[in-house]
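Inspection log for the structure reproduced underneath, given as structure tokens.
Computed from the coordinates by the stated procedures, all read-outs in this text should not be read as laboratory data. Keep in mind it's a predicted model, so treat the numbers as computed, not measured. Note that each Cβ is placed from the backbone with ideal geometry, even for glycine, and that neighbours are counted across all protein chains shown.
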Amino acid sequence: MITCGVDIGSRTIKLVLFDGKNILDSAVTLSGSAPQENTERTYLEMLAANHMTRSDVAMTIATGYGRNYFELADKASSEIICHTAGVAFLCPNVRTIIDIGGQDSKVVQVSEQGKVADFVMNDRCAAGTGKFIEMVAHTLNMPVEEIGQAALSCDEICEISSMCAVFAESEVIGLLHRGIPAEVILRGVFRSVAKRVVSLGRKVGFHGQIVFTGGVAQNPGVLEAIRTQVGDPTITTPRNPQLTGALGAAIIGQQTVSQNQ
Ligand code: ADP
């Protein structure tokens, strides 16, 4: 049985085609200014690339910010539930998930059964999200894909004291004018993002195996900063940390179809 999970986030749309055991195919595209059309086009292109039509997919589940607006989906499901299902599939011993996406960050406590036990989420403030990191990369004129590695090459770190993403961006510009190297600023920015998420997560606690997911988990500089702030060097990221919500949606699709049979 084949199911599809579609995670429609604020920054990116992620799709996973899943057969119950393996990811058959996946896609990541920008949400852009027409997220509904972009989702539909990418979904149909992915099916065509796999020589499938909609009738070959037993169930399509949408999740994420835009989950209620994707008309080709059979159902919508909460992103906390989907992310947890996806991470628990990839990392069966996970007990805490730290997820940083484009516009929110969350920390989820996972039960031994791989279900959501508790969670806390910030979707009100850009500081501590991927969007803020993108703003800084733009200010530094560096690609977001490269800033993590660049920061790892440097031992120095500077303080970013602003609590708001807009003021922090001004602070970054001020630091550049004072001649502080971009790598030093980046380490400060990653520490400030990690501090925010870790202080949010303290409300539910960090227990057992901790897994870092979301688009920002592709940034090794933020991973290092999170390990330092939590005080746990064993925090890992799955191979495709951006896809866990879409994978979880596809897994929930499998469970839903099986229950209805
Ligand atoms: P959402 O689900 O909210 O749309 P994502 O989980 O896709 O967001 O995360 C988007 C964020 O991930 C971007 O704002 C950016 O900071 C970060 N990001 C995306 N791609 C990369 C990459 N290749 N390397 C490092 N960071 C990335």
Dipole of region 1-89, Cα-centred, from +1 at each Lys and Arg C-beta and -1 at each Asp and Glu C-beta, to the nearest 20 debye?
180
So for region 17-109, taking the charge dipole from beta-carbon charges (+1 Lys/Arg, -1 Asp/Glu), which of 94, 29, 64 sits furthest toward the positive end?
94
Which whole-Hz couplings ³J(HN,Hα) result when phi for each residue of region 161-168 is put into the Karplus expression 6.51 cos²θ - 1.76 cosθ + 1.60, θ = phi - 60°, listed in order with x for Gly and Pro?
9, 5, 8, 10, 4, 5, 5, 5
Before anything else, pin down the relative contact order of the chain: Cα pairs under 8 Å, at least 6 apart, normalised by residue count, whole percent.
26
For the chain, calculated [θ]222 nm from helices alone, where every DSSP H run of n ≥ 4 adds -39500 (n - 2.57)
-13000 deg cm²/dmol
Need the C-alpha centroid separation for region 144-188 versus region 192-261, integer Å.
24
Which order do 40, 224, 156 fall in if you start with the one that has the fewest other Cβ atoms within 10 Å?
156, 40, 224
Mean Cβ count within 10 Å, highest first, over the residues of peptides 208-218, 47-57, 97-107
97-107, 208-218, 47-57
Residue-by-residue Karplus 3J(HN,Hα) for region 191-197, coefficients 6.51, -1.76, 1.60, Hz, glycine and proline x
5, 5, 5, 4, 4, 4, 5
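Strictly over 31 Å apart at the Cα level, which of 21/195; 131/203; 75/195 would you flag in this model?
On the way: 21/195 36 Å; 131/203 23 Å; 75/195 36 Å.
Long pairs (Cα-Cα over 31 Å): 21/195; 75/195.
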The set of residues whose placed amide H lies less than 5 Å from the amide H of residue 64, leaving out same-chain residues fewer than 5 positions away, is 8, 79
Using alpha-carbon coordinates, inclination of helix 244-260 to the longest axis of the chain, degrees
20
Sequence-distant or interchain residues sharing an amide H contact under 5 Å with residue 119, placed H: which?
109
Karplus couplings for region 102-111 from phi (6.51 cos²θ - 1.76 cosθ + 1.60, θ = phi - 60°), rounded to Hz, Gly and Pro as x?
x, 10, 8, 9, 8, 10, 10, 8, 10, 6
Roughly how large, in nm² to one decimal, is the mean projection of the convex hull of the alpha-carbon atoms in the chain?
13.7
Show the residues, 5+ positions off or on another chain, whose built amide H is closer than 5 Å to the amide H of residue 126.
165
